[in-house]
Amino acid sequence: MNTMLSSPSLTILRARGRRLGMTLLEITFVLLIMVAIIGGALVMASSTMNQSNSVQETQTVTNLAGAIRKVKMVNGYPADAEIGPAMSNLGFIPANVTHTNGTNIKNSWGGDITFHRQDGGGNFGITYTNVPTQECRQLVLGVKAGLLQSVGSGASTASAAAYNIRDLTPAIVNTNICTGASVSTINWSSAIR
């Protein structure tokens, strides 16, 4: 009688034992799903980080424009090389900007941020180098007209490639400002072009 009870019990236990383990194929499938989930999360994190850099730099450009405005003297702005140190001495350079006493100022992408006296000292310019093309588009369209009135590509907004910020469209930005294969140089100016 004991064997009769044991026989069905043994069959159930053997069936459960086979269901408890995973085959190599099942383990591989689970690992592939985990890799896909982790990969997707990394892509999303990278995209979010890039957008975060663009948003942060948009605010930085606006803050730097306000800071430069504060160092204007009766005869206009200091010489180009003196604008950054003057802002640093007064504590006007935003805390998120890497610099050494107002010199060697860097943006989020490791490019230089420089300042320029324009029009005999009546207007100023801000130049960003090494801006990735995709972030360039977001940055240029993110800076609104205010203290800064025009933007262009290259080292100077005095060129014909400068556009009034109020007139910018995505097409102008894509075709005329952020055109580099991988990085761009952007120059903002307080002058209307």
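The values are calculated or read from the model by the stated rules, or taken from the named source; none is laboratory data. This is a predicted model, so every value here is computed, not measured. Cβ sites come from the backbone with ideal geometry, for glycine too, and all protein chains shown count toward neighbours. Side chains are part of the model used for accessible areas, which takes the heavy atoms of the whole protein and leaves out ligands, DNA and RNA. Shrake-Rupley method; radii C 1.70, N 1.55, O 1.52, S 1.80 Å.
Points worth noting:
- Positive-end residue of 192, 99, 165, charge dipole of region 77-193 with Cβ unit charges: 165
- Ranked by how many other beta carbons lie within 10 Å on average, peptides 94-101, 115-122, 63-70 from highest: 63-70, 115-122, 94-101
- Solvent accessible area, Å² - residue 184, 1.4 Å probe, full protein context: 10 Å²
- Taking the centroid of alpha carbons for each part, region 134-151 and region 113-133 are 13 Å apart.
- Fully extending the segment from residue 35 to residue 112 would add 24.0 nm, taking 0.36 nm per residue of separation and subtracting the current Cα-Cα distance.
- Inter-probe distance in nm under a simple model that places probes 7 Å from Cα toward Cβ, at residue 25 and residue 74: 8.9 nm
- Distances between placed amide hydrogens fall under 5 Å for residue 118 paired with 123, 124, 125, all partners being 5 or more residues away or on another chain.
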